[in-house]
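Have a look at the structure below before the remarks.
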Amino acid sequence: MVGKSRSVLIFLSLATLALPAGALGNEASWLTGLIHVHSNFSSGSYSIEELADRAESVGADFLILTDHDLAVMAYGLQPFQKFLKKKYEKRSIISQGPEVYLTEIARVNAGQKAVLIIPGVQSTPHYFWQGSLLTGNLTSINTRREVLILGLDRAEQYRNLPIVHNPRTYYRLDLFQGELIFFALASMAGLVLLFNRPLFKVLGLGVILLCLAGTLNSQIRVPYPFDQYHDFGYRPYQVLLDYVAQNGGLSFWAHPESVYAERGVSYGPITMRTAQYPAALIRTDNYTGFEAVYGDKNHLREPGREWDAALLGYINGLRQNYPVAIAGSDYHSEGMSETKLNEFKTVVRATGKSKAEILAALQAGRVYALRQLTNYHLILETFKVIGSEGQTADGPGSKIESVGPVQILARVSFSDHESREAAIQLISNGREIKKITGKTPLDFSYNDTQDPPGATVYYRLNVSSTAGLLTTNPIFVSFPPQADRTSE
Ligand SMILES: [Zn+2]
């Protein structure tokens with residue numbers, strides 16, 4: 001249900017993109033964003049105000065803060081885990097108060113004109129213990145299998161996030177709505193019986209007691225069912241992704257290729273270990289996207305990996321939506337892990353610098369992700385697909401129909417307009433179909449011969465250079481079935 005309304009939304013935004021830019025009333029422009037940034041509300045070093053100033057100084061248009069929602073680890077000694085328990089907690093949005101976090105973002109936004117701050121969280125939905133404290137090999141698994149959640153507006157939505165160790169996480173039993181009315185009417189009938197002959201009095205009392213028990217039972221809420229002592233696979237994650245979608249937020253898998261904790265990182269008396277989780281892209285659904293450009297490993301953008309598998313699932317109607325590629329900084333402080341604030345950029349095409357416009361662009365995939373290793377960065381100047389009748393899909397996330405083969409145009413340059421070596425790879429339906437190398441401004445025009453009746457084809461670009469890399473989200477082309485063409 002939720003997935004459906006989301007894909008309708010995406011379809012609508014794709015449909016509006018197909019209109020000439022003027023029809024939107026506002027010209028769409030490219031906005032540069034910094035996503036996955038921590039403030040001192042959790043593990044970051046700087047205040048939100050300082051981060052806004054720093055983002056402004058590197059020319060960003062928007063900054064998406066993703067402080068940790070809750071940073072708790074707890075281990076109980078089996079079989080007395082309820083009583084003999086050690087809990088470790090660090091600063092987080094929930095511990096500091098989501099109201100305080102949202103109010104501070106609103107305050108900084110009110111005074112800051114250049115950079116729009118959008119609230120988000122980095123969530124650890126679940127982890128589980130392996131080994132034992134007694135044998136000295138206690139290991140927390142999947143603490144770093146995380147999700148970035150953007151665009152939740154209300155403090156309650158943060159407090160109620162379905163994540164392990166959140167005391168507010170409950171499942172409300174899904175009960176028949178008219179149940180309470182039924183109990184109310186039945187207990188009134190019981191009351192009438194109470195003022196009757198003795199036999200009816202007993203019956204009336206029984207009815208009233210039963211109604212009371214039923215009312216209490218209908219209010220019972222079930223605690224979060226995923227404890228930290230078992231591996232539940234991707235189920236706890238899907239619960240969170242569905243919660244975010246139901247609450248109108250966006251969710252991105254954070255660093256699925258991070259190698260940081262792959263071999264285990266010591267953390268006091270315990271070890272944290274999280275294997276890479278590229279499979280999350282295909283094992284889960286109803287999420288918005290993933291960090292395709294992050295840290296030193298960016299293989300998911302290469303042809304034929306899990307991202308392409310999910311994209312193929314989408315065009316073949318097996319998924320409600322496709323994963324949108326973004327860049328993630330995981331920024332904590334200047335110089336930490338040598339990550340500079342301007343290194344990872346997510347560039348979105350939006351009709352205005354508002355939270356609603358930017359989130360809509362992110363959801364619709366009107367986005368490219370880039371990594372900048374020097375003082376200049378790659379720019380996507382052109383990425384278009386021209387249909388057989390001249391109709392144009394302009395930019396990542398756009399969509400056209402074509403009754404015959406299409407032409408793909410691309411052009412990249414550097415932000416300082418200098419000419420340097422770069423390579424552009426054109427990928428269609430999981431395969432590289434063209435690669436060119438040369439000096440910037442580098443462009444190509446490619447006439448694709450594929451024209452599969454009744455199918456959808458997508459095209460996406462990877463750009464590489466010694467100064468950094470760039471990955472676009474796809475352009476989709478649907479080819480009408482043969483029957484529709486002959487009737488035209
Ligand atoms: Zn982070």
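Odds and ends about this structure:
- For the stretch 193-243, a residue qualifies if it is assigned to a loop (DSSP other than H, G, I, E, B), out of contact with any strand residue (DSSP E or B) (no Cβ under 9 Å at 6 or more places or on another chain) and modelled with pLDDT of 90 or more, and the qualifying residues are GLY233, TYR234.
- LEU31 being modelled with pLDDT of 95 or more, within 16 Å of the ligand (Cβ to nearest atom), within 28 Å of GLY395 (Cα to Cα) and touching a helix residue (DSSP H, G or I) at 6+ places or on another chain (Cβ under 9 Å): no
- Condition met for TYR368 (more than 16 Å from the ligand (Cβ to nearest atom), assigned to a loop (DSSP other than H, G, I, E, B) and touching a residue at least 60 places away in the same chain (Cβ under 8 Å)): no
- Residue match in the stretch 288-296 (condition: away from the ligand (no atom under 16 Å from the Cβ), in a helix (DSSP H, G or I), in contact with a strand residue (DSSP E or B) (Cβ under 8 Å, 6 or more places away or on another chain) and at pLDDT 90 or above): no
- Considering the stretch 341-365, and only residues there that are of a type in the set (Ser, Thr, Tyr) and part of a loop (DSSP other than H, G, I, E, B), the residue that is farthest from the ligand (Cβ to nearest atom) turns out to be THR351.
- Lone unmet requirement of (1) touching a residue at least 60 places away in the same chain (Cβ under 8 Å); (2) crowded, with 23+ Cβ neighbours inside 10 Å for VAL108: (2)
- Residue in the stretch 86-109 that is within 17 Å of the chain's Cα centre (by Cα), within 16 Å of the ligand (Cβ to nearest atom) and of a type in the set (Gly, Ala, Ser) present: no
- Residue selected from the stretch 320-340 under the condition surrounded by fewer than 20 Cβ atoms within 10 Å (Cβ to Cβ) and over 20 Å from GLU146 (Cβ atoms), by the criterion farthest from the ligand (Cβ to nearest atom): GLN320
- Hey, SER402 surrounded by 17 or more Cβ atoms within 10 Å (Cβ to Cβ), farther than 23 Å from PRO323 by Cβ and over 28 Å from the mean Cα position of the chain (by Cα) or not: yes
- The residues of the stretch 455-467 that are part of a strand (DSSP E or B) and of a type in the set (S, T, N, Q), listed by number, are THR456, ASN462, SER464, SER465.
- Failed criterion for LEU470 (all others in (1) in a loop (DSSP other than H, G, I, E, B); (2) closer than 19 Å to ILE326 by Cβ hold): (1)
The values are calculated or read from the model by the stated rules, or taken from the named source; none is laboratory data. Keep in mind that what you see is a predicted model, and the values were worked out from it rather than measured. Glycine gets a Cβ as well: all are built from the backbone with ideal geometry, and neighbour counts include every protein chain shown.
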